[in-house]
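This report concerns only the one structure given below.
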Amino acid sequence: MNQIPGDKGYTILGIDIGGTKCAVSLAQTAAGLPQIAAKKQFPTPKSASAALEKLVRGSAELLQAEGIAVENVDVIGISCGGPLDSRAGLILSPPNLPGWDRVDVISPFQNGLRDNVPVFLENDANACALAEWQWGAGRGCQNMIFLTFGTGMGAGLILNGQLYAGTNGMAGEVGHMRLADSGPWGYGKNGSFEGFCSGGGIAQLAQLRLAQLRTEGGTSTLEAGGEPSAKAVADAALAGDSLAANVFREVGERLGQGLAVLVDILNPERIVIGSIYSRQQGLLAEPAAEMLRREALALSLEVCQVVPAGLGEAVGDYASAAVAWYGLRGKV
């Protein structure tokens, strides 16, 4: 773990802002993985002002329930889907948060909770990258890429031992890369990396392949349940359905194609992949590795490992704490 010199142990508030739910978590850390002492979660209110008011109030209630005075909070970390301006503390109209246009998320906590508390903001991919780098599968790396591979496909980049956000915070939007002239839709493009490698993309690809199968007179167990989800496709593949297995092989190959671009350009030591890859590594790892061997530079590939998220499904719980920890580390 990247420790703060003279680390005395810190009390951290983590704030997660999502399109469907928000959460406040209390973490305490010294050496090693922070302990999530308590968590409070609720559906995201319709307006930004209502959501922030509830988050500030929920933070105060969580601290009170745990017997911790507000003045003993050392730092607050906020994780939210982008785009956003981390330096200015602004959320800039993410697609999953309509109406959040240039919303200041720093001041409400400093005005309503503690006036001089440090507050740091990062997009969710960067936040998860920081969590995996500091406490998960990326520990010890100087050059690491984290890929979300969940609802969407985004990346957090750790380069030369630092989070790399780019000129205006837009670095890591790998889901926008076009991998094919046609294919599932994602991030505004058919055939994009997100189109092939996301939950919605897998469902779309299964629908496309089912339509082709019907014209050929074939059958699949996926036809019985309406529009299949990514999980349904994975379950069918594991149960021996050939169409579902072929869908995941195609997704794995496209994953490898996208990874090869990242390996060639960024020369990372480790690529950590969360969510669907972590759950379905058995279906995805082999075709991705085969494509990587065909497409990536051998000298770059031989020093790079591709691994599932070390924090597993808990990576989101540690993401906002990791933002706080990294921000605090930069201040000493």
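The values are calculated or read from the model by the stated rules, or taken from the named source; none is laboratory data. Fair warning: this is a prediction, and the values are worked out from it, not measured in the lab. As a convention, Cβ positions derive from the backbone with ideal geometry for all residues, glycine included, and neighbour counts pool all protein chains shown.
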Residues located in region 285-300, provided they are assigned to a helix (DSSP H, G or I) and either touching a helix residue (DSSP H, G or I) at 6+ places or on another chain (Cβ under 6 Å) or under 17 Å from A125 (Cβ atoms) (or both): P287, A288, M291, L292, E295, S300
Answer from S192, S229, S242 - the residue that is touching a Lys or Arg at 6+ places or on another chain (Cβ under 9 Å), without any contact (Cβ under 8 Å) to a residue 60 or more places away in the chain and small (G, A, S): S192
One residue from A27, A51, A69 being surrounded by fewer than 20 Cβ atoms within 10 Å (Cβ to Cβ) and not β-branched (V, I, T): A69
Hits in region 187-225 - residues which are of a type in the set (G, A, S) and assigned to a helix (DSSP H, G or I): G195, G199, G200, G201, A203, A206, A211, A224, G225
Residues (surrounded by fewer than 17 Cβ atoms within 10 Å (Cβ to Cβ) and assigned to a helix (DSSP H, G or I)) located in region 236-248: L238, S242, N246
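Residue-wise test of (1) in a helix (DSSP H, G or I); (2) closer than 23 Å to N123 by Cα.
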site: L262; (1), (2): yes, yes
site: I265; (1), (2): yes, yes
site: L283; (1), (2): yes, no
site: V307; (1), (2): no, yes
site: A322; (1), (2): yes, yes
site: Y326; (1), (2): yes, yes
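Quick grid of which residues meet (1) modelled with pLDDT of 95 or more; (2) within 21 Å of the chain's Cα centre (by Cα):
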| site | (1), (2) |
| --- | --- |
| Y187 | no, yes |
| A224 | no, no |
| P228 | no, no |
| A239 | yes, no |
| G252 | yes, yes |
| V261 | yes, yes |
| P268 | yes, yes |
| Y277 | yes, yes |
